[in-house]
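The values are calculated or read from the model by the stated rules, or taken from the named source; none is laboratory data. From a predicted model like this one, the values you see are computed outputs, not experimental measurements. FYI the Cβ positions are ideal-geometry reconstructions off the backbone, even for glycines, and counts take in every protein chain you see.
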Amino acid sequence: MASEQAAATPAYLPWKTLANTLDALAEHMPNRIDPSAFPGQSGTTKNQLLLAFRFFGFISDEGKPTPALLSVAVRDEAARKAAFKKLFEQKYAPLIALNLMKTTPSEFGDTMTEVYSISGDTRLKATRFFLNMAEYVGVEVSPLLQRDKTKAIGTPTTSRKRRARQRPADNDNEADEDDDDDEVGAPLAAESRSVELKSGGTLTLSATTKFMALSATDRKFVFDLIDKLEEYETQNVASGK
């Protein structure tokens, strides 16, 4: 079985990426699942795939395919759905317990943070994956929660400045006030990246800034940090911790 620490991070890659990967594995299942088992994918996507595989228990600590992986890496769509339905109920039990037809996005997000220790864009991506998986296995969720599937990642959901420009001309003064709020007072969207530490726990790097406006010094500092997180995660996933 995959280690409990690795399994604490829920899948947060695009659902289609996982589905396509399982289609490929249904054709050819390697002896060991490691980054080289996903040719053509970026380093980031490989990491997300391996984290998702550990979350669902698709691989052992040594990277060996488990019965859970063999149950979903099949050509039979009905069999795959049935297997994923069981995994959905097992891995997301704390979220399902909220009553998915009545929970609000805020309650759902708070619970996801509490249970899985994720926040920011990672949580939104994990929520999107959850919603797409729920749709795939035939589990209904509230219309309010479904709105998270189309929420923007890394940027405000709606630009105040854009809304102001769309108002009638006789509201120019009000539009100018909104423009000022957007430039000075409006909060920037947070972006975050989390990694699981060998000794237990999660390290999260979170930023609220306009990356295009960073100075050369700040840009190098920030992206060096991101690269170090990427390198650390890649080494740990490849070694199975």
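Condition check for GLN146 on (1) polar (S, T, N, Q); (2) more than 17 Å from the chain's Cα centre (by Cα); (3) in a helix (DSSP H, G or I); (4) at pLDDT below 95: one failure, at (2). For the range 26-70, how many residues are of a type in the set (Val, Ile, Thr) and surrounded by fewer than 17 Cβ atoms within 10 Å (Cβ to Cβ)? The qualifying residues number 3. Only a single criterion out of (1) outside any helix (DSSP H, G or I); (2) under 24 Å from LEU203 (Cβ atoms) is not satisfied by LEU51, namely (1).
What are the residues in the range 112-143 that are touching a residue at least 12 places away in the same chain (Cβ under 8 Å), part of a helix (DSSP H, G or I) and more than 20 Å from GLU196 (Cβ to Cβ), if any? The answer is ARG128, LEU131, ASN132, MET133, ALA134, TYR136, VAL137.
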